[in-house]
1. Every other copy gets compared here: list the nm distances from the B:Arg55 label point (7 Å along Cα to Cβ) to its counterparts, shortest first, one decimal.
2. I need to check one value: relative contact order of segment B:67-306, counting alpha carbon pairs closer than 8 Å and at least 6 residues apart, in percent.
3. When DSSP beta bridges are limited to those with both residues in segment B:67-306, what percentage is antiparallel, rounded to the nearest 5?
4. What are the distances, in nm and sorted shortest first, from the label point of B:Glu366 to the label points of the same position in each other copy, with each label point placed 7 Å from Cα along the Cα-to-Cβ direction?
5. Near the amide H of A:Val131, under 5 Å away, which other amide H atoms are found, from residues 5 or more places off or on another chain, if H is placed in the peptide plane?
6. Rounded to the nearest 5, what % of DSSP beta bridges with both residues in the protein assembly as shown are antiparallel?
7. How big is the charge dipole of segment A:145-188 about its Cα centre, in debye rounded to the nearest 20, if each Lys and Arg gets +1 on its Cβ and each Asp and Glu gets -1 on its Cβ?
8. Under 5 Å between amide H atoms, partner at least 5 residues away or on a different chain: which partners does A:Thr207 have, H built in plane at 1.01 Å?
Number of protein chains: 2
Amino acid sequence: MTTPVLSAKPALSTLLDLDARDPLQHKKAQFVLPEGVIYLDGNSLGALPATVPARLERVIHQEWGDALIRSWTAHAQEGRDWMALPDRVAAKLAPLIGAEASEISVGDSTSVNLFKALTAALDVASPGRRVILTDADNFPTDLYVAQGLNGLLDGRYELRRVPAAELSAHLTTDVAAMMVTEVDYRTGERLDMASLTAQAHAQGIVTIWDLAHSAGAFEVDLTAARADFAVGCGYKYLNGGPGAPGYLFVASRHLQARVALSGWMGHADPFEMARDYTPAKDARRFIVGTPTVLSLSALDTALDVFADVDLKQLRAKSLALTDTFMALVAGDPDLTLVTPLDHARRGSQVSFRHPQAREAMRRLVERGVIGDFRTPDILRFGFTPLYVSYADVYRAAQAVLDVAGELRA
Amino acid sequence: MTTPVLSAKPALSTLLDLDARDPLQHKKAQFVLPEGVIYLDGNSLGALPATVPARLERVIHQEWGDALIRSWTAHAQEGRDWMALPDRVAAKLAPLIGAEASEISVGDSTSVNLFKALTAALDVASPGRRVILTDADNFPTDLYVAQGLNGLLDGRYELRRVPAAELSAHLTTDVAAMMVTEVDYRTGERLDMASLTAQAHAQGIVTIWDLAHSAGAFEVDLTAARADFAVGCGYKYLNGGPGAPGYLFVASRHLQARVALSGWMGHADPFEMARDYTPAKDARRFIVGTPTVLSLSALDTALDVFADVDLKQLRAKSLALTDTFMALVAGDPDLTLVTPLDHARRGSQVSFRHPQAREAMRRLVERGVIGDFRTPDILRFGFTPLYVSYADVYRAAQAVLDVAGELRA
């Protein structure tokens, strides 16, 4: 793992040279990217992997159109049956998040998975505790899911929302579960999962990690961190397509936790059509209804992009790209960096506050530099190391400086 | 509406004549059906509508690959933005189930929608009641969802499971909600939604109807029946593709009911990124996470097939097809009809018990007649009036009789 050391404002020639030596350089050709666009929004919707269209064509014409209902069980020996699709995707996710496939349940949205994770976590939490601790700036759906569940449970829990920097100080013995997102969707600040989990465990607190802006952007090791539960998103850095199914991680020591959303596809034998729910083996029990085969097939193929990716190289490039972008944009009086300079505290994005952020992003998109505006005043740029080059970063930074200059003038 | 009157065992020529006069005859060409197959399993997975592949190609290449994140809001004026996709699908579902689009939330699996429906129903149920009444032979996932929810609520409810025929007798004042499937997935028996709902309401009981085997097979009128809540499946008679998103109906008078699964896409303004959940207008609030765009787009296009379909003609043909099948198969000593002869009590399928049902279905599938085996001894044949012809029924019946004869020999 070599992180290129950059001069304060690298020249384009330096960056082109880095591209030429980039061990992940060949990955960009494995994506379909629109002409004339620098795409810095893979943390909102990942780009289209080049192999996905052919896979979906096969699923639509051969598996749905031709084989029809038989596809649920056809080619089971080669693992190509639809029934096994969630398990196949789990097996591909496992090395990206440092988990066993048997600890991963694939399907449903990230929000629904959060509901599953939270109900399971509260089930195994220390009895009598009534606080759910979370980051006040957590992604809204995480907060809403906790609110919805707590309403259903007659408000017996307190949702304690504190600034991320104060989470440690709030790991007290009245806390049942800590539910946080590893990388803040606005600032790109990364929490220390291993340390926070250890601190939580020391107080008897169960942890739930949202990996929406982590998995696929850098190596996640849930097992090493002793994480209890986690959820993640299929359509950001995993490139599974718009609204791709999410996933749930349940550490093997918690597999007996409550399955609040129990459905037939999580039954030990769905086609036995038994009157009572008997959970399937392992995390498969957390699957609820019939898998969305079209969307899930896209995710399945998208994950193949990672098969030959060294996650340490991925992280090194991510940090180099974000370092480069920060260096190039540094000094503009209207752009206030909100992403940590410290590598250990950074995800794979760079965000700035800007007094006219919404308008600035509109102009950037017009120029073909696609990032995100996040309320109230954030310009957010995501760097997917698989398909963003150093030269892309150079051109994007120039556009950002130009637009900031225009708006100042 | 004319239901053809059939002789006891109609000749093939009679059936070919019915096909020639069938007002829905042109619909079959709007589906891609495999050569040499008579598909009587559209109640498990609907066939591929011919327009779906091109739609998905557009979604994959243009909307995902090319427009990327911009597709969430692009072409909003023409209603082609991804954000509005669930609403567009709701608008197409509305006339099929006798509801307003504003009462329908599209997305998530049928099982997850059942969880939403049940939590909402129990919220508006008469206070203090602690019984959830259901059909003992309800589809397993319906039972499992109720079990999972009840576990989460510390077992405060009793799930009372009674034979369908005894539901009326069990509508007592301790019942909070009655949760039933309109058409039994095994027998094809149809319950009287309007009558049961009225009887339930007379006792102050809220109703939840599972339309998995109803919507798209015949006209459903939730409003006329005064149904309170309903859920349905996108991949059976609606032909939305394997694992297509399901939907939830919430009668407008209950729109204030609990949203237990509250997520960001059900927020009044998702991109405000507010810290507290404020429900969206109407049933949109019951959407949870990001819509599965690929699967949902397939469903959206699949529903266009219904645009010119007279649902009364659909029902008339369904009854004629099932009448024909019953007449043709009648008399075989090993096949015991379990589907009601009475039209009012019949869905769009015909089921028989057979002592070797599993093997019989295996042989039928081998001959290109695709139905379903359902444990323990049911042969199930679904008749989708849009793409099953009278001649298909003739050939299928011959195959059934042949196989039954073979197994007897």
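1. List, nearest first: 2.3 nm.
2. 25 percent
3. So the antiparallel bridges amount to about 35 percent of the total.
4. Shortest to longest, the spacings are 6.9 nm.
5. A:Glu158, A:Ala176, A:Ala177
6. Working: 44 of 84 bridges.
Looking only at bridges with both residues in the protein assembly as shown, the antiparallel portion is about 50 percent.
7. On the way: 4 positive and 6 negative charges, 18 e Å.
Using Cβ point charges on Lys, Arg, Asp and Glu, segment A:145-188 gives about 80 debye.
8. A:Met178, A:Asp228, A:Phe229
Computed from the coordinates by the stated procedures, all read-outs in this text should not be read as laboratory data. The model shown is predicted, which means the values in this text are computed figures rather than measured ones. Neighbour counts are summed over all protein chains in view; Cβ atoms, including those assigned to glycine, are modelled from backbone coordinates with ideal geometry.
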